[in-house]
Every structure is written in C-alpha cells, then in structure tokens.
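Report on the structure given below.
Values in this text are rule-based calculations from the coordinates and carry no lab data. Here the structure is a predicted model, which means the values were calculated and not measured. All Cβ positions, glycine included, derive from the backbone under ideal geometry; neighbour counts span all protein chains shown.
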Amino acid sequence: MDLEQSSTRSPTSSLEAIETGPAEAHGAPIVFLHEALGSVSHWGRFPAMLCEATARRGLVYSRRGHGTSPALDEPRAVDYLHRLAQEELPALLTAQGVDAPVLFGHSDGATIALLYAAAFPERVSALVVLAPHIFVEDVTLAGIREAVAPGVREALVDKLGRHHRDPEAVVAAWQDIWLAPGFRGWNIESEIAAIRCPVLLIQGEADAYGTLAQIDGIVGRVPQAQRLMLPGVGHSPHREAREAVIEACVRFLASLPV
C-alpha cells in the first residue's frame, strides 16, 4: 500500500511536521513524539510502517530545537518536559486540527505523552510509550555521561548532523538538563495517576538508559496499562524489535473503540 506523506508547518509554532498514513484510514490518528535526540527524519520509515499496519493517519513532528524546527530560545528548565506536554504539544495539535489522538512516544517523547494524558485525560484516546522516564535513575545519567564523554560526543554530533539543523545544540541541551544537579530529583510518579486512557508500555530489558523500575512505577499508578517486555532489546525497541512492536501496536489499537 502506498503511503501519502507531506510536509507541513503549524501556523502557530512553525514546527517541522510530516503527515503520513494510508489514503483510506480510520480511527484516531497517531501522533509520534521523538526521543531526546530525535526528529522527524530520525524516526526513519517506522511511523509510515506503523500507520500502514494499523490503517491510521499519522503526524510526526520535531520539537523546538530539533530537526528543522525553530531553535530553542532559552536554556531548558527542570520543568521542560511539562512545558512540552502542556504547551507545545497542545498548540501543535490545535493548529493541525488533531483531536483525541493516540500518542506514540519514545524516551523523552514517552514522558511527554504520559504528562499530556495526565494533564488532559479527555483529550487523548490511548498511549503507546517506549522506554519512558518517570524519575531519574543512576543508569540514565551514566548512559548520558558515556555518550558525551570526550572522543565519543564528537561522533554522536556528527551522526546526528543529517537529522538536525544544529546537532551540537541538540546534544548540549540534552546533556545540560539531564546532568544538571537540580534535575536529579525530577519525578512525575504522582502526576501520572490521573491518566485514564488505555496504555501500552514497551520496554527493552537491556535498556542502557532505564530499568524496569520505570515500567513498574507506571503500572503501579496506571492499573489499566499493559506491558510488553522485550528480552535483549535496548533503548530503541521500534528499531531493534520493529516487527514485535508493530504487532503489539496492531493488537492494542484494534481493541480501542476509536
């Protein structure tokens, strides 16, 4: 099946955005929320493949400071994920005319999806979250320090060059906020108890940036959440176990009333 794909810019935010999905689609659209170093192009073909498999339309966008979206105009604060979930994402959805979507988030994007669903429980149909963060773990900080160590950071920036207008700024924003002493106590466990929609949690058991404590913490506060654990899979299940993730999403989304 051929997929339609077109570029668009939100008139209110000027964020880079791509619409994808089959010509004949049904159900709530899927909005893709990328990881800390991600962008529209960083997803590759995955959004189009998932939308084809589920017969749903999709919206993929780059947050401010990522891809070809406008640059960040100030350093990130401890509440930056809350701002993205409660300000930038709602503005984009309104501008694009998207109502009650399925949010598909990875890593930081998964956290944004959780925060959005907690703040606006009636404005989301379901969540699919991969490798989410709901509090800061030592393993996360260790993984970031390793990624930005001298001699390693340069290769990371170079690798990200094809996905971002300013890859150096993307990496700097990531490491600066997550490694800031004031961010160590960041925690959203109490907030996510407000989530009411169906949730599918996907976690690689070999994730170098988070442990199963993140998933356990969500299930303990969002009892309707389902979990898919993937042995031997790291931080990016949609790349490392693409078929398993798509199959799980097809089953999960087929069970929804919308």
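Odds and ends about this structure:
- Using only side-chain charges placed at the Cβ, +1 for Lys and Arg and -1 for Asp and Glu, the dipole size of the range 9-138 relative to its Cα centre rounds to 280 debye.
- From its DSSP helices (H runs of at least four residues, each -39,500 (n - 2.57)), the chain gives a residue-normalised ellipticity at 222 nm of -10000 deg cm²/dmol.
- Ordering of 87-98, 123-134 by burial proxy (mean other Cβ atoms within 10 Å per residue, highest first): 123-134, 87-98
- Isotropic mean projected area of the C-alpha convex hull, the range 138-258 (nm²): 9.5
- Intensity falloff of the chain expressed as log10 I(q)/I(0), Debye formula with alpha-carbon point scatterers, at q = 0.07, 0.08 Å⁻¹: -0.21, -0.28
- Treating each Cα of the range 17-79 as an identical point scatterer and summing with the Debye formula, the log10 of I(q)/I(0) at q = 0.14, 0.21, 0.24, 0.26 Å⁻¹ comes to -0.45, -0.80, -0.94, -1.03.
- Simple spin-label estimate for VAL258 and PHE183 gives 3.2 nm between the two label positions (7 Å along the Cα-to-Cβ direction from each Cα).
- For the chain, a crude dipole built from +1 on the beta carbon of Lys and Arg and -1 on the beta carbon of Asp and Glu, taken about the Cα centre, is about 220 debye to the nearest 20.
- With semi-axes defined as the square roots of five times the eigenvalues of the C-alpha gyration tensor, the equivalent ellipsoid of the range 208-258 measures 20, 18, 7 Å, largest first.
- Taking the average, over residues, of other Cβ atoms within 10 Å as the packing measure, peptides 17-30, 224-237 rank 17-30, 224-237 from highest down.
- Relative contact order, percent, the chain [alpha-carbon distance under 8 Å, six or more residues apart]: 19
- Virtual paramagnetic centre 7 Å along Cα→Cβ of GLU146, amide N under 14 Å, in the range 225-258: 233-236
- Charge context of HIS238, other residues only, Cβ under 15 angstrom, K/R +1, D/E -1: -4
- Separation in nanometres of the label points that stand 7 Å from Cα toward Cβ, at ASP73 and GLU122: 3.1
- Binned Cα-Cα distance frequencies in the range 73-134 - 10 Å width, integer %: 24, 56, 20, 1
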